[in-house]
1. Specify the residue with the greatest mean-square fluctuation among B:231, B:109, B:22, computed from a Gaussian network of chain B linking alpha-carbon atoms under 10 Å apart.
2. Compute the distance from the alpha-carbon center of segment A:1-16 to that of segment B:55-130, in whole Å.
3. How far apart, in nm, are the 7 Å Cα→Cβ label points at residue B:283 and residue A:203?
4. If we restrict to alpha carbons, what Rg and Dmax does the protein assembly as shown come to, in Å?
5. May I ask what percent, to the nearest 5, of DSSP beta bridges between residues of segment A:243-394 are antiparallel?
6. At q = 0.15, 0.16, 0.19 Å⁻¹, what log₁₀ I(q)/I(0) does a Debye calculation on the Cα points of segment A:271-390 give, no solvent, two decimals?
7. Quick one: angle between helix B:117-129 and the longest Cα principal axis of chain B, in degrees between 0 and 90, rounded to 10, please.
8. Express in nm, to one decimal, how much length is gained between residue A:161 and residue A:324 on full extension, taking 0.36 nm for each residue of separation and deducting their alpha carbon distance.
């Protein structure tokens with residue numbers, strides 16, 4: 001596999017000794033000049049120090065470097081936490097010879113413990129020395145916590161004789177692993193864009209991808225998605241065809257990362273798409289899809305490979321949406337389990353049990369109330385999820 | 001222990017062969033004359049046939065008998081389900097020689113399978129023959145599904161030279177075990193009350209007790225709480241002191257049953273009270289308490305006996321309530337873990353770890369925003385919860 005390269009960006013991932021056994025835990029993204037930047041951050045009231053610092057800096061629309069550590073979230077750490085986040089950025093800025101205002105910071109890991117700043121600062125020279133256009137896997141590894149595989153996605157778009165590339169890395173996921181202080185995703189592109197344009201591309205893309213996944217329904221204090229546009233391709237998103245191409249490349253990279261995140265959910269053995277159609281409106285459909293996707297009983301039934309459709313209907317029924325239960329149809333992939341609110345019998349159940357043995361399948365709920373539709377990606381809920389989260393800090 | 005007797009009520013629990021190994025699965029409560037009746041039912045959009053039938057009958061304010069089966073919820077069973085619920089009531093009415101309109105029906109168990117009506121009808125003569133003033137334990141056993149112990153509570157109140165008794169039985173719980181089609185609770189008293197009075201007593205009592213507990217956040221399709229007042233004590237709730245005494249006895253019986261339900265939550269090893277104080281209002285406090293009490297990450301940390309307070313703060317932060325995270329204090333029983341949003345250090349953590357080894361403890365969150373307060377009972381989230389729910393139907 002040829003290395004993924006995006007002209008104008010260099011990357012690194014090294015060990016600063018935060019994780020055990022010399023695993024990578026400190027990452028860096030550097031643009032060769034200040035890039036246009038956009039960000040999306042957690043809506044949790046409790047926000048980690050690096051989120052507060054980076055949100056402020058990204059508002060100015062320019063960013064040249066992102067430094068990120070795993071293993072410690074630097075959250076609920078008070079004024080010391082803010083000072084540490086600032087110092088981490090400043091140490092990187094000094095090493096790179098750029099202004100600290102151009103450095104974004106992100107952290108992921110346990111909440112409530114002081115950031116091991118000395119270890120991080122000591123590792124920065126080695127981090128800078130490791131910078132390379134091809135080191136995307138090192139970076140992806142450096143941001144992992146309970147992830148079992150690094151997550152990287154990329155798209156290259158040809159427009160006449162030029163092309164641009166969008167690369168993204170991610171770890172954990174949105175509303176999935178709060179204590180890991182969860183979702184981090186960084187994207188960079190050599191397309192050219194104004195910060196406002198970039199933000200108008202990033203927000204709907206996140207809403208259509210990362211905001212449509214769940215592992216356990218808990219929202220992190222550290223969620224951060226950043227998109228940097230360096231411009232080296234000389235393809236500018238001021239031109240509508242380039243903007244459209246960039247939007248679709250960003251959508252695709254985020255969708256691929258989102259899928260990878262759910263597939264690698266803590267303890268997950270199955271990837272399940274919950275599709276709701278025929279709702280009175282899209283908002284109703286989404287509310288039902290979210291409620292089903294987050295139901296522990298639905299998710300434990302998936303783990304048990306039990307076509308327990310009653311749990312799906314019961315979860316839909318408590319979503320706070322008005323619908324007539326006696327008009328509902330339900331499918332596991334293409335096997336119809338419920339027609340007009342009633343089970344389709346033993347034959348259908350036997351077929352559906354085969355579907356549940358697959359590692360990926362869809363559950364489709366048709367309410368027959370209107371045209372509203374939505375889908376959410378979720379995973380099953382296994383014994384290992386509980387084990388991982390009961391033992392996480394020890 | 002002397003048997004619990006409430007004059008004017010007889011009870012029974014027998015095996016109709018719905019459960020394996022001859023376990024009791026069919027129960028009956030009979031008053032010696034039509035009793036005043038009040039009910040509270042699930043708010044799930046998907047409602048089982050017996051809920052729909054019983055809700056209608058209870059609206060008339062009179063009830064003389066309640067017949068209930070476990071193992072099958074008679075939910076998502078269409079018009080056949082409604083016919084079966086009606087036939088079950090009618091068979092009981094015929095046996096007892098009373099009007100079917102005076103018979104309430106309840107079912108609990110798997111959703112979506114036809115009610116085994118023939119088995120139930122065949123067992124009704126034996127059920128009636130077993131009726132006795134002292135058979136409350138048999139009844140409590142007959143309504144169990146994954147419950148490991150029967151739940152019975154009672155209070156006797158002396159007023160001058162008279163007294164009345166309130167007895168209650170329950171299984172599963174409110175928003176706890178949807179597939180079991182969960183919470184059933186039946187209370188009866190020999191106090192005398194108009195149906196309207198009874199309802200005004202039952203609703204706030206349920207709101208203060210059963211609506212403040214959770215095991216897994218899923219709401220059942222079969223939740224039913226019934227309160228019958230037979231009047232044999234000659235103490236009438238038309239008199240304010242009797243009404244007050246009845247209210248408090250009903251509150252206490254429901255509170256004791258609610259506590260027993262959470263303690264016996266699927267796979268639960270710990271009973272935890274989440275207390276929120278200092279919120280801007282009671283509604284804010286309740287929203288935060290609910291969110292923390294339902295967080296899988298908080299509950300798996302309890303199971304792991306890990307004083308992972310960051311998860312409690314992260315859950316509070318996503319509750320949709322405005323508060324200043326830097327003013328929050330957090331306690332595990334009387335051990336302060338967080339002051340002004342920051343951890344209290346290793347000593348506090350070591351003390352808190354001892355608290356988490358207890359089988360019952362409280363988590364108190366003080367927001368320092370106002371006078372609002374609320375509490376919710378929850379349990380930990382164990383590997384066994386997943387096992388039980390992955391394998392439930394098989």
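1. B:22
2. So the separation of the two Cα centres works out to 68 Å.
3. Placing both labels 7 Å beyond Cα along the Cβ direction yields 2.8 nm.
4. 29.1, 100
5. Details: 16 of 23 bridges.
Close to 70 percent.
6. Debye curve over Cα of segment A:271-390, log10 I(q)/I(0) at q = 0.15, 0.16, 0.19 Å⁻¹: -0.60, -0.68, -0.95.
7. The angle comes out near 80 degrees.
8. Numbers: separation 163, 0.36 × 163 = 58.68 nm, distance 5.55 nm.
Between residue A:161 and residue A:324, full extension yields 53.1 nm more.
Every number in this text was worked out from the coordinates using simple rules, so none of it is lab data. Note that this is a predicted model, so its numbers are computed, not measured. In this analysis, Cβ positions are derived from the backbone assuming ideal geometry, glycine residues included, and neighbour counts consider all displayed protein chains.
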